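Here the structure is laid out as structure tokens; the discussion comes afterwards.
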Amino acid sequence: MKKLSVVVPVYNEEETVNIFYNEFQKVTEKINYETELWFIDDGSKDNTLEEIRRLNNKDNTVHYVSFSRNFGKEAGLLAGLERAKGDLVAVMDVDLQDPPELLPKMIRLVEEDGYDAVATRRKDREGESKIRSFFARMFYRLINKMTNLNLVDGARDFRVMTRQMVKSILKMPERQRFSKGLFNWVGFNTYYLSFENRERVAGSTSWSFGGLLKYAIEGFVDFSTTPLTFVTGLGATSFGLSILGAIIVLVRAIVAPHASAFGWSSMAVIILFFSGLQLLSLGIVGRYIAEIYLEVKSRPVYLVKEEK
């Protein structure tokens, strides 16, 4: 019998682990696949690991990896994909915002329609704040314009992939990972299955607005050099303006040598403006240098404290 591996990264999810497991068990009865469930505990500080251990003790299809500390969801996804042995591999969240009951249909689309992956996307962002929704939509528009990616607005990490696609993803050795981009970059024939947005079944999300912003910046830096081109354009514009300013000052000195000089406030504004441009440019370039710095150190993406 073929095997389905399901990778579930978790962080401080003691309230949802058992609920997810029970819902997932209902689905296993509807698919003709042997299953293995991989919980990747990302250094949880609550009783998440204890709940997973209990499941592991009573069900030999449940496995887990526990990190030595919090390394982030991307590290959890990588650890799960590296350990998944199934013919098909699914990635999903534990909070049931990714409905397990979609799995039979997703598997059927891969098997019968020849897709390499079936991913999911939310039809709407009901229940999400307007500010958060606005920035999310802007992120998808900008990253698609600035990169060769074609990320679908509302796309979730929840997807079912063939073994071939998973192997291709694991061939990419970068440590600063942006999985949505990696899933898209490898290509393969992917179908997006839409579903109504769902609230968490319990607990609260560990994703803050700042964390999502950092994640978005990671995506831009990993897959686009457009910000560097923007910095080059700023430099060229600043240089052109400085030449124009020098010409104006020279002509003014010739035509009206006794005219009063520009006010100090105007000069202060000009200095602040160009100083700001320089700092902005240094910040953008520095972000790329930081990525290189982190990559060349070759530190592991995660460290395992316990695995079973």
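The values are calculated or read from the model by the stated rules, or taken from the named source; none is laboratory data. All values reported here derive from a predicted model rather than from experimental measurement. Ideal geometry is used to build each Cβ from the backbone, glycine not excepted, and the neighbour counts take in all protein chains shown.
Of the numbered criteria (1) in a helix (DSSP H, G or I); (2) touching a residue at least 12 places away in the same chain (Cβ under 8 Å), the one Asn22 fails is (2).
For (1) surrounded by 11 or more Cβ atoms within 10 Å (Cβ to Cβ); (2) in the same structural domain as Thr232 (by TED's automatic domain parsing); (3) modelled with pLDDT under 70, each residue gets a yes or a no:
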position	(1), (2), (3)
Ile254	no, yes, no
Pro257	no, yes, yes
Trp264	no, yes, yes
Ile270	yes, yes, no
Gly276	no, yes, no
Leu282	yes, yes, no
Gly286	yes, yes, no
Lys305	yes, no, no
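The set of residues in the stretch 63-95 that are in a strand (DSSP E or B) and of a type in the set (Ser, Thr, Tyr) comprises Tyr64, Ser66.
Residue count for the stretch 96-125, restricted to those that are touching a Lys or Arg at 6+ places or on another chain (Cβ under 9 Å) and part of a loop (DSSP other than H, G, I, E, B): 5. Inspect all residues belonging to the stretch 107-114 and state whether any of them is crowded, with 18+ Cβ neighbours inside 10 Å and among the small types (Gly, Ala, Ser). No, the stretch 107-114 contains no residue that is crowded, with 18+ Cβ neighbours inside 10 Å and among the small types (Gly, Ala, Ser). Residues in the stretch 187-212 that are hydrophobic (A, V, I, L, M, F, W, C), modelled with pLDDT under 85 and in a loop (DSSP other than H, G, I, E, B): Val201, Ala202, Trp207. Taking residues in the stretch 271-292 that are at positive phi, and partners anywhere that are in a helix (DSSP H, G or I), not one pair has Cβ atoms closer than 7 Å while being at least 6 places apart or on different chains.
When the stretch 35-62 is filtered for residues that are part of a strand (DSSP E or B) and out of contact with any Leu (no Cβ under 7 Å at 6 or more places or on another chain), the ones remaining, listed by number, are Glu36, Leu37, Trp38, Phe39, Ile40.
Filtered by the rule that a residue be over 19 Å from Ala75 (Cα atoms) and surrounded by 15 or more Cβ atoms within 10 Å (Cβ to Cβ), the stretch 141-162 gives Leu142, Ile143, Asn144, Met146, Thr147, Leu149, Leu151, Val152, Gly154, Ala155, Thr162. Among residues belonging to the stretch 60-70 that are surrounded by fewer than 20 Cβ atoms within 10 Å (Cβ to Cβ) and in contact (Cβ under 8 Å) with a residue 12 or more places away in the chain, point out the one that is farthest from Tyr11 (Cα to Cα). Checking each candidate, the answer is Thr61.
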